[in-house]
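Participant: Below: one structure in structure tokens.
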Amino acid sequence: MIQVIFEDNHLIAVNKEAGVLVHADETGDYSLDEMVKNYIKVRYGKPGDVYLATLHRIDRPVSGVVIFARTSKAAERMTKLFQTHAIDKNYLAITNNRPEPLAGRLIHYLIKNTETNIVKAYPKPKGDAKEAILDYEFVGQVDRSHILLKVNILTGRPHQIRVQLAKINCPIQGDLKYGAEYANPDKSISLHCRSMSFIHPVLKTPVKITADVPHNPIWRDYAPLINHDKM
């Protein structure tokens, strides 16, 4: 069952659950794009194959906003928006340490090892490393080891938020790959794509798509703060 949070003739967005693949891989697991295609096919009674373009991805253990294009025109134009960083992408992350300072900009240069699927971050340009930029801000704290951060990514690199926060000694809760001490019970990591804002590629109107945080104990204590501030 998918949670559709935005839909028109050109785009469709869903609130992805942690643990779901955006696009099929070698595991053969049922992927989000196939779920959305099936939803469109049933809802609109479409015969034959359903057109759906995957515009971007978020990691399997991450939850939140994922946008697909329903037409080739929308796909082409949205792809340009992603490539030119014209989409405002906001995330929420629960970490086990407080960052110092409490707000700032991180700039690193990332290299992904395709064999291990692990990304390394360097403080200076290195070989074919890709520049990664994000802004973070302390939002609140439940106890000494549960800190909520708001993160805005200015670039879109694999594992970017995960590795950049780990680099400042703030690994995301549950993210064993990048330094967390303990796994989350549901095997998720406490990273959620909260919202994406952009100018609609066809209608040229402002769009903001927001995804509720997961309904589980990990996020429950932060829900009043998140909903009150409308992050």
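The values are calculated or read from the model by the stated rules, or taken from the named source; none is laboratory data. Here the structure is a predicted model, which means the values were calculated and not measured. Virtual Cβ from ideal backbone geometry, glycine too; neighbours counted across all protein chains shown.
Participant: State which residue is nearest to residue 15 (Cα to Cα) when the search covers only the range 64-113 and only residues that are among the basic types (Lys, Arg) and in a strand (DSSP E or B). I'd like the intermediate steps shown before the answer.
Facilitator: The initial filter retains those residues of the range 64-113 that are among the basic types (Lys, Arg), namely 70, 73, 77, 80, 89, 98, 105, 112.
Applying the additional criterion that residues be in a strand (DSSP E or B) yields 89, 105, 112.
Working: 89: 14, 105: 27, 112: 27 Å.
Going through the qualifying residues, I end up with 89.
Participant: Would a scan of the range 141-151 turn up a residue that is under 13 Å from residue 89 (Cβ atoms) and loosely packed, with under 15 Cβ neighbours inside 10 Å?
Facilitator: Scanning the range 141-151 turns up no residue that is under 13 Å from residue 89 (Cβ atoms) and loosely packed, with under 15 Cβ neighbours inside 10 Å.
Participant: Sticking with this structure for a sec: Please give the helices (runs of 4 or more DSSP H) falling wholly within the range 114-231 in which 2 or more residues are among the polar types (S, T, N, Q) and closer than 24 Å to residue 86 by Cα. Don't jump to the end; show me each part of the working.
Facilitator: Numbers: elements: 160-167, 217-220, 223-229.
Qualifying helices (runs of 4 or more DSSP H): 160-167.
Participant: In the range 152-173, how many are surrounded by fewer than 23 Cβ atoms within 10 Å (Cβ to Cβ) and either among the basic types (Lys, Arg) or farther than 18 Å from residue 123 by Cα (or both)?
Facilitator: Number satisfying all stated conditions: 4.
Participant: Related question: Restricting to the range 9-51, name every residue that is under 22 Å from residue 202 (Cα atoms), in contact (Cβ under 8 Å) with a residue 40 or more places away in the chain and surrounded by fewer than 19 Cβ atoms within 10 Å (Cβ to Cβ).
Facilitator: Correct list: 9, 10.
Participant: When you look at residue 40, is it touching a His at 6+ places or on another chain (Cβ under 9 Å) and either assigned to a helix (DSSP H, G or I) or β-branched (Val, Ile, Thr) (or both), yes or no?
Facilitator: Spelling it out, it is not the case that residue 40 is touching a His at 6+ places or on another chain (Cβ under 9 Å) and either assigned to a helix (DSSP H, G or I) or β-branched (Val, Ile, Thr) (or both).
Participant: Then there's this: Checking the conditions here, which among 111, 118 is aliphatic (A, V, I, L, M), modelled with pLDDT of 95 or more and under 24 Å from residue 65 (Cα atoms)?
Facilitator: Values: 111 fails: under 24 Å from residue 65 (Cα atoms).
Within the list 111, 118, the selection yields 118.
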